[in-house]
1. Size of the stretch 24-116 along its principal axes in angstrom, Cα-based, largest extent first?
2. Go through the stretch 22-114 and name the GluC sites (Glu not before Pro) that are in a DSSP coil and have 16 or fewer other Cβ atoms within 10 Å of their Cβ.
3. Determine the calculated [θ] at 222 nm for the chain from helices alone, applying -39500 (n - 2.57) to every DSSP H run no shorter than 4 residues and normalising by the residue count; nearest 500 deg cm²/dmol.
4. Are there chymotrypsin sites (Phe, Trp or Tyr not before Pro) in the stretch 1-110 that DSSP marks as loop and that have at most 14 other Cβ atoms within 10 Å, and which are they?
5. Relative contact order for the chain: what percent, with Cα pairs under 8 Å and sequence separation of 6 or more?
6. Keeping the other protein chains in place, figure out the carbon and sulfur percent of the accessible area of the chain, with a 1.4 Å probe.
7. Can you give the local net charge around Leu104? Use residues other than it whose beta-carbon is closer than 15 angstrom to its beta-carbon, Lys and Arg +1, Asp and Glu -1.
8. State, to one decimal in nm, how far the label point of Ser75 lies from the label point of Gln13, with both points 7 Å from Cα in the Cβ direction.
Amino acid sequence: MQGYGFGSRDKSQKQATDRKCDEKLQYFLSAEEQLLQQISSRAPLPGVLNGICIALDCQIGNVVSLISLPNDSVSELGAIAANAALFGLFSFCSEGIVGEKDQLLGTLEIYSSVRR
């Protein structure tokens, strides 16, 4: 393939891909550092949870995540699931989030645009 001049183009494409991966990695590391600082400084819980959702959405891709709090009503949660389905989103993950003393802080819900 080198004889046809493809080698230099392949190399430049690889460098561009590597640069893009490095930029993503730096973004994720910075976002993680911000989240850890918020947690250690005992920032308000809704802001920390929202930051976690944003980080998950970016890292997984093609997902929408949200965290419901223990005091959210069942009808409100049902409405969220119905709206997700209306927009073609599929339930991907549902997991409880517990604090230091095993108290329920909320529930992580992740919806995907692709069945997984």
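The values are calculated or read from the model by the stated rules, or taken from the named source; none is laboratory data. These numbers were taken from a predicted model, which means no experiment stands behind them. Cβ placement follows ideal geometry from the backbone for every residue including glycine, while neighbour counts extend to all protein chains displayed. Each accessible area value is taken on the protein alone, full model and side chains, heavy atoms only, with ligands, DNA and RNA left out. Shrake-Rupley method; radii C 1.70, N 1.55, O 1.52, S 1.80 Å.
1. Projected onto its principal axes, the Cα set of the stretch 24-116 covers 37, 33, 17 Å.
2. Details: sites: Glu23, Glu32, Glu33, Glu76, Glu95, Glu100, Glu109; in loops: Glu100.
In loop regions of the stretch 22-114 (DSSP not H, G, I, E or B), the sparsely surrounded GluC sites (Glu not before Pro) are Glu100.
3. Calculated mean residue ellipticity at 222 nm is -19000 deg cm²/dmol.
4. Numbers: sites: Tyr4, Phe6, Tyr27, Phe28, Phe87, Phe90, Phe92; in loops: Phe87.
Those satisfying the criteria are Phe87.
5. Details: 102 pairs, mean separation 24.0, N = 116.
Reported as a whole number, the value is 21 percent.
6. Values: 4950 of 8690 Å².
For the chain, the apolar C and S fraction of the accessible surface comes to 57 percent.
7. Working: positive: Lys101; negative: Asp72, Glu95, Glu100, Asp102, Glu109.
Residues close to Leu104 contribute a combined charge of -4.
8. Label-label distance for Ser75 and Gln13, simple model: 5.6 nm.
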